[in-house]
Structure formats: C-alpha cells, structure tokens
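Asker: Just dropping this structure here.
The values are calculated or read from the model by the stated rules, or taken from the named source; none is laboratory data. For clarity, every value in this text was computed on a predicted model and none was experimentally measured. All Cβ positions, even for glycine, are placed from backbone atoms using ideal geometry, and neighbour counts span all protein chains on display.
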Amino acid sequence: MFRQACFDEPLIFEMSREGKVGVLIKDDPMSAKTDVRKGGIAEIPSGVLRGKLNLPEVSQIEVVRHFTRLSQMNWGIDLGPYPLGSCTMKYNPRVNEDLAWLDEVQQIHPEQGLDSIQGALELLYRLDRMLSSITGMHKFTLQPAAGAQGELTGCLIMRKYHERKGDRRDEIIVPDSAHGTNPASAAMAGFKVVEVRTGEDGCIDLELLKGAVTNRTVGLMMTNPNTLGIFEKRVCEIAEVVHDAGGLMYYDGANLQGIIGRARPGDLGFDIVHLNLHKTFSTPHGGGGPGSGPVGVKEHLKDFLPVPTIIHKDGGYQLDWGKPESIGKIRGGYGSFPILVRAYAYLLSMGSEGLRLSCDIAVLNTNHFAKKVSGIKGFAIPFGGAFRKHEVVVSAEEMTKETGVTALDVAKALLDRGLHSPTIYFPLIVKEALMFEFTETETKESIDAYVEALREISERAYTDPGILRGAPTNASVGRLDEVLANHPRTMCLSYRMLSKRGKMQA
Ligand SMILES: *Cc1c(COP(=O)(O)O)cnc(C)c1O
C-alpha cells in the first residue's frame, strides 16, 4: 500500500524567530572588517540598502530539516514513472549532473575574457553542430531559456525575414492541437493567429490549410508528431503550400523524441526549429528551474539569429557580433550554460545509435501502453487507429458520461496509488483528455503496473464513483483550489491554504 510521506510543514516564515541565525560570523575584536554587527551595515551607503528585508530567521538545522521534509513530500522521476505527456520527463543520468557541477562549469562568468573560456566555447560550438546535424539545420543559437522563448525568437526571425523583403505580413497559422505557447508567442511578436482545425485522422486538414494561407501568411507553426502523438504524414505537402505562398515553416521541437534519429525537421521542409533540451535531451525540468530552448535555422535565415553566435576561426573560438541583420540579443550570457553542458554530456553518451534507439523504445513503450489502455472500460483513444509516436492522448469522456468520474478524478486517483498523473485537459481538442508519454528508460513492468492501476480505477468508477471524487486521500495535501493555485499571488500562500483538507483543518 502506498502512503506518501506527509508532514504538517509550516512555511519557513512561520518558523522564523527574531535573532536566530544559520551561520555564526566570528566576532574578532582585532578585526573590525569581519564583524558585521559592529557598524558593518552602518557603513553601507543608505542609497544601496534595500530597507528592512523580510527574511526568515532560522537556525541551520531548521533549514536542513524544513527542506528535507519538503523534498520527501515531493514527486520526481527518481521515484517512479512520470508519464506527463508533451513534457518528455526523462531520467537524468547522474553523469550529466557530475559534469554540470564541475567547478569549471559552476564558477564560469559570461564577462570572462575569451582566452579563459575557450573550452566552454568549444563545448557550445560542438553542441550547436550536433543539434544542427540532428535536426538538419544550418546554425543554432543556444540563448533561449525555454521552448516558449525559442518560439518568440523564431517569430522575431520570421518577422525580420519578411520585413527585409519589404513584405507586409501579419498572419501566422497555428493548428488547433497546438501547445498554448505557440499562439501566445506569435501574438507577442505582433502577429494575428489563424487557427486551422484538425481533421478526422488527427492531422492538419490540408484543404482547410490551403484556404487559410494568403499573401499575409508569415508562416505555419507546427508540431510533428503533433500533440496527439500522431505523425503528420502530409508534412511535405503542407510545407509546399506554405512556401508557395511565401511563408516559413516553424517546427515546435517539443515532440522531437517521436522522430529523433529517424527523421529530421530540416529534411521535412522546416526553416526554423526550436528544441527543448530539458525535454528531449535529458536535462532536469518540472521544478521551474532553468530550461533551454535552442533555435536552429536554415542557411537563408542565419543572418537573423541572435548575437553573438559562436564561431570557430583561426584555431580558436570567437563570438561573432558582426551581424547587422540580427534580431539582437534574446537572453544574457550564452544561454543556460549548465543545462547546455548536461545536454552535451547526454548526446556524447548516447551517440547517434543511442538516440535512434531512444526514439524507437519511447515509441514502443507508448504503443504498448496505448494498446493495453484502449481495452479498459471508460477509456478511448480518439482520432482513429493510427500508431502513435512517443505519446498518446486517451479520452475519459465515456467514463465521465456513465459514472461522473472525470479525467481530473482519474489523475487524482493515480496519485493515491503512488503514480504520477498524466497531463490532463490538453490538447484542447480532446474531451476529458489524459495525455501519456512513457520515455525510453521506462520498463515494461512499470508500464504494466501503471495500466493495472488505471484498470482498477476504472472498476472503482463503475462500482463506487464517489470514492474517486474525493481523491487524493493518501497524498500530503488533498485537492487544491486550482483557480487560486493559478493566481500569481499564490507564491505568498502556503499549500495548506490552497488545500481543501487544509481548509477543513484550519
Ligand atoms: C513544452 C512545450 C512547449 C513549450 O516549451 P517550454 O520549454 O515549456 O517553454 C511548446 N510546445 C509543446 C508542444 C510543448 O510540449
């Protein structure tokens, strides 16, 4: 029986008592410099003082225990399967971590002289070459901090490309199955979003697309395999339609896992690509930490890339700022450097054979799961019987109609069984959506156990649905108030205030 570690943990601010400190600073009467209590702060010019900071005052052991307890109440890939569709929640091999924590990586500074960072620049340059060869692109920028920032970078490149041609275009085409960041990034770049509907086979409807393309079309943002996990087989025809109208093809690379080593976006007709290193290339994510969303372009767009790009010249690595057509700088430094180191280590350890195998096994895992789950009462796989790539979207609509148990209830019931929930209610075109992705390191045993949990939940739904609507009861918190949890001010609220169980206790 699964039971999550559960502590009635206060906020660290609630633990604070005036005068408690974590580290004692030596009070040496011979050295006024080491004594911050003797007028140290008084010597700081008032203009740079931040006023009274509301920082918690706690002892060292309290800090250690507080965060260790919180970590025990957390869920991660190291505890069990993490089949969050669209997120490619890979296991992060420890060797990547070891390399990212080398002093040479941790202590590096973007303002260091180039002579002293040749090794780092070489690593970045080689990573650019590897990503270019994996995707069939000409050159990458490693600056963007996430997929969404990569999308914005790509949109700004598209804007500049059309501007340079003296072409006034402002419409970008996005399929209705797209991730929400696609239309958001396009809107940030000043474009109008034109949506195209998904056809019955789960792919872009080519006829509808032809009708949507005009001489105002900036380009098409496309995810392939799409968010249903289905490979868009007509991608080459689609690219032709868009290119014939003078538009560009943008590849949202969040789903690269489904084709890596087997097909290259560049060969499929895409002009711009973003990758999510924190998804496909096995760097940690999920905790809101730094991500990395490199953007690669074909040769005709290379001059628009953000500055500086890293080049290899005269036997050394240099920064190329001399790009008058560049969209400018998109992020400080050269990108999320330790994340780039992890991705580089992952790529070296996998090799091209390993990457292809990772694609094959991820696809096999997901289809094994899809086949089994489609036999469970109440769950169906919409949009026909095509094989899925690395992810599959299951609909619980039938279960909801027949028992009142929703996709949300199923997700919460999984938590009670010690399993991480899938992504739910995305993509928007599937009712009661549950989106699963089992990456290549997942074992058959763990996938089968997951299927059995879903089977048991289905049986419950048809016999005792009320019990599922109260889930989770085994987790550290009950159901969160999701509207409140989405509010920007939530950072100031404790999880206990968000939890219904917490509210009942209060
Ligand atoms: C994750 C994801 C994005 C956004 O990437 P971030 O790195 O989270 O900003 C875009 N499109 C798809 C399909 C995704 O799954």
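Asker: Does S282 satisfy being away from the ligand (no atom under 11 Å from the Cβ), of a type in the set (S, T, Y) and under 18 Å from E97 (Cβ atoms)? Don't jump to the end; show me each part of the working.
Answerer: Working: away from the ligand (no atom under 11 Å from the Cβ): yes; of a type in the set (S, T, Y): yes; under 18 Å from E97 (Cβ atoms): yes.
Here the answer is yes, as S282 does meet what is asked.
Asker: Follow-up. In region 78-93, how many are within 16 Å of the ligand (Cβ to nearest atom) and on the phi < 0 side of the Ramachandran plot?
Answerer: Taking region 78-93 and keeping what is within 16 Å of the ligand (Cβ to nearest atom), we get 82-90, 92.
Next, only the ones that are on the phi < 0 side of the Ramachandran plot stay: 82-85, 87, 89-90, 92.
Counting residues in region 78-93 that are within 16 Å of the ligand (Cβ to nearest atom) and on the phi < 0 side of the Ramachandran plot gives 8.
Asker: Given the conditions (1) more than 13 Å from P427 (Cα to Cα); (2) hydrophobic (A, V, I, L, M, F, W, C); (3) buried (at least 24 other Cβ atoms within 10 Å of the Cβ); (4) under 23 Å from the mean Cα position of the chain (by Cα), and given that L228 satisfies all but one, which numbered condition is not satisfied?
Answerer: The number of the failed condition is (1).
Asker: Is there a residue being more than 18 Å from A120 (Cβ to Cβ) and either out of contact with any helix residue (DSSP H, G or I) (no Cβ under 6 Å at 6 or more places or on another chain) or crowded, with 18+ Cβ neighbours inside 10 Å (or both) anywhere in region 330-342?
Answerer: Kept after step one, since they are more than 18 Å from A120 (Cβ to Cβ), are these residues of region 330-342: 330.
If we keep only those that are either out of contact with any helix residue (DSSP H, G or I) (no Cβ under 6 Å at 6 or more places or on another chain) or crowded, with 18+ Cβ neighbours inside 10 Å (or both) as well, we get 330.
Yes.
Asker: Checking the conditions here, which among T198, T214 is at pLDDT 95 or above and surrounded by 18 or more Cβ atoms within 10 Å (Cβ to Cβ)?
Answerer: Numbers: T214 fails: surrounded by 18 or more Cβ atoms within 10 Å (Cβ to Cβ).
Testing whether each residue is at pLDDT 95 or above and surrounded by 18 or more Cβ atoms within 10 Å (Cβ to Cβ) leaves just T198.
Asker: From the list G47, G39, which residue is touching a helix residue (DSSP H, G or I) at 6+ places or on another chain (Cβ under 9 Å), over 30 Å from A178 (Cβ atoms) and either modelled with pLDDT under 95 or not hydroxyl-bearing (S, T, Y) (or both)? First the steps, then the outcome.
Answerer: Details: G47 fails: touching a helix residue (DSSP H, G or I) at 6+ places or on another chain (Cβ under 9 Å).
Sole residue among the options that is touching a helix residue (DSSP H, G or I) at 6+ places or on another chain (Cβ under 9 Å), over 30 Å from A178 (Cβ atoms) and either modelled with pLDDT under 95 or not hydroxyl-bearing (S, T, Y) (or both): G39.
Asker: Next up: May I ask you to list the residues in region 288-314 that are assigned to a loop (DSSP other than H, G, I, E, B) and buried (at least 24 other Cβ atoms within 10 Å of the Cβ)? I'd like the intermediate steps shown before the answer.
Answerer: Step one: list which residues in region 288-314 are assigned to a loop (DSSP other than H, G, I, E, B), which gives 288-294, 298, 305-308, 314.
Passing the criteria: S292, G293, P294, L305.
Asker: For H285, work out the one condition from (1) touching a His at 6+ places or on another chain (Cβ under 7 Å); (2) assigned to a loop (DSSP other than H, G, I, E, B); (3) at pLDDT 95 or above it doesn't fulfil.
Answerer: Failing condition for H285: (3).
Asker: Could we say that K329 is part of a loop (DSSP other than H, G, I, E, B) and either out of contact with any Asp or Glu (no Cβ under 7 Å at 6 or more places or on another chain) or in the same structural domain as E437 (by TED's automatic domain parsing) (or both) here?
Answerer: yes
Asker: Among strands (runs of 3 or more DSSP E) lying entirely in region 151-261, which contain 3 or more residues that are in contact (Cβ under 8 Å) with a residue 24 or more places away in the chain and closer than 23 Å to S132 by Cα? Before the answer, list the steps.
Answerer: Values: elements: 171-175, 192-196, 217-223, 248-252.
Answer list for region 151-261: 217-223, 248-252.
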